Amino acid sequence: MNENEKLLKAKSYLDKLANGINPITNELASENDTINNIHISRCLFYVSDVLRNLIENNNNPQKKKNSKIPFSVTPQQLADYVFDDNPITVTEITKKLNSLIDTEEMKGIKTTSITNWLIKINMLEYLADENGKNHKIPTENGIQLGIKTQEHLGMYGSYKVVLYDSNVQQFILDNIDTITYYNTQKKSYNFNTEGNI
C-alpha cells in the first residue's frame, strides 16, 4: 500500500467515524457513543478535510517556486509597459516588468539581472565609499544614456539612489532577451569595470 492509498484509507475511516459509523464493522454507533459527540464529530470532519487537501495536492502537485518556467516576455506584453515621466529605480522597473507576466507560472526578473547586465556593458560600475562598501553608480556612458544618481535623506543620513529615465527603460526593454540570461544564473555575479565576470 503506497502513501496515497494509506491516506485514502485513513480518510475513509475518519469519514465513517465522523458520521457515527464503526469503520471496522460498518455498523452505526449508539447515540451515546463518544464518536457521536458533536465536538468529536466536528474534529473528525476537520481532520478528514485536511487529509482530502493533502491527497489532492499529492495527486495534483502545485508548482513549486523552482519548477516555474524562466522569465520571458513577448513583444505584445512589452507594449503594455507603462513609462514614468520621472526617472525611477531599477526595483520599480522590475516590478513593472513582472506585472506583465504570470508570476504563478513564471519566475520574475530580478533587479540584479538588470544591474549586472548594465555593469557588463559598462553603463554602471562599482565605487567604494569611505567605509569600503561598494555602490553602483553610472559610468560616463550610463549618464549619457539617462542613468543618474540622486541624493536621498534616510534615517541614517544621506545616500545616493540610482535612477533610470524613460530612455534607459526603453533600452532595457529593447535588450530584455539578453538580460534574461543573467536572470537564469544561480547567483549574482560581480563584474569589474571592464565588464568581465
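Restricting segment 129-149 to residues that are assigned to a helix (DSSP H, G or I) and hydrophobic (A, V, I, L, M, F, W, C) leaves a set whose member that is surrounded by the most Cβ atoms within 10 Å (Cβ to Cβ) is LEU145.
Residues in segment 51-74 that are among the β-branched types (Val, Ile, Thr) and surrounded by 11 or more Cβ atoms within 10 Å (Cβ to Cβ) were compared, and the one that is modelled with the highest pLDDT is VAL73. The conditions of being more than 22 Å from the chain's Cα centre (by Cα), farther than 30 Å from ILE172 by Cα and modelled with pLDDT of 85 or more are not met by THR34. Just so you know, in segment 96-128 the residues that are of a type in the set (Ser, Thr, Tyr) and either touching a His at 6+ places or on another chain (Cβ under 6 Å) or part of a helix (DSSP H, G or I) (or both) include one that is surrounded by the most Cβ atoms within 10 Å (Cβ to Cβ), and it is SER113. Within segment 140-193, being at pLDDT 90 or above and among the basic types (Lys, Arg) holds for one residue alone: LYS148.
The values are calculated or read from the model by the stated rules, or taken from the named source; none is laboratory data. Nothing here was measured: the structure is a model prediction, and the numbers come from that model. All Cβ positions, glycine included, derive from the backbone under ideal geometry; neighbour counts span all protein chains shown.
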